[in-house]
Structures are given as structure tokens and as C-alpha cells.
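To keep things clear, I will list the structure first and then write my remarks on it.
Read-outs throughout are calculated quantities, based only on the coordinates presented, and are distinct from any laboratory measurement. A quick note: this is a predicted structure, and the numbers were derived from the prediction, not measured. Cβ atoms come from the backbone with ideal geometry, glycine included; neighbour counts cover every protein chain shown.
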């Protein structure tokens, strides 16, 4: 069985490279999943704390939306895209 590695030594290098790539993909996947779980936990704890303080659902939505940078960017892009004067805005700012 090990004779194949003596006849074709490049198979060892291919095996090692394949193992490193596979191990890297697994590590990255675990890190991404762990990060998503951690962020969801922080979000849950923040919401639970705000509910315990007696904030309304609208107040919680406002706080969560204000803390996310992507929410501001999406709102700004939506406002510009839905603006009736979009052509004049683009003409004014080339």
C-alpha cells in the first residue's frame, strides 16, 4: 500500500496540500459560525435587558437600528433611490 508513495512521491505533497486546504475551510467555517452565534447572543441579551427596563418595541427597534451601521446605509440608499428628483441630484453631483 505504501509502495504507491515511493513510486509517486508527488502524491504526498498533493495529500498535504489537500489536508491543509480542507483544515483551513473547516476552521474558517467554525469561526464564522461562532461569530454569528456570539453576535446573536449579544443582540438577544441587549433586547432582553431593554425589555426588562420597560422600553417599548418601537424604542427597541430605534436603538437597534441606530447601533447598526448597515441600517443607516440602507436607509440612505433607499431614500436616494426613491427620491423624485434623482435625475436632478445626479446632474448636480457628477
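Annotations
- Relative protection proxy for 5-12, 42-49, from highest mean packing down: 42-49, 5-12 (other beta-carbon atoms within 10 angstrom).
- Gyration tensor verdict on segment 1-53 (Cα atoms; rounded if a/c is under 1.5, prolate if a/b is larger than b/c, oblate otherwise): prolate
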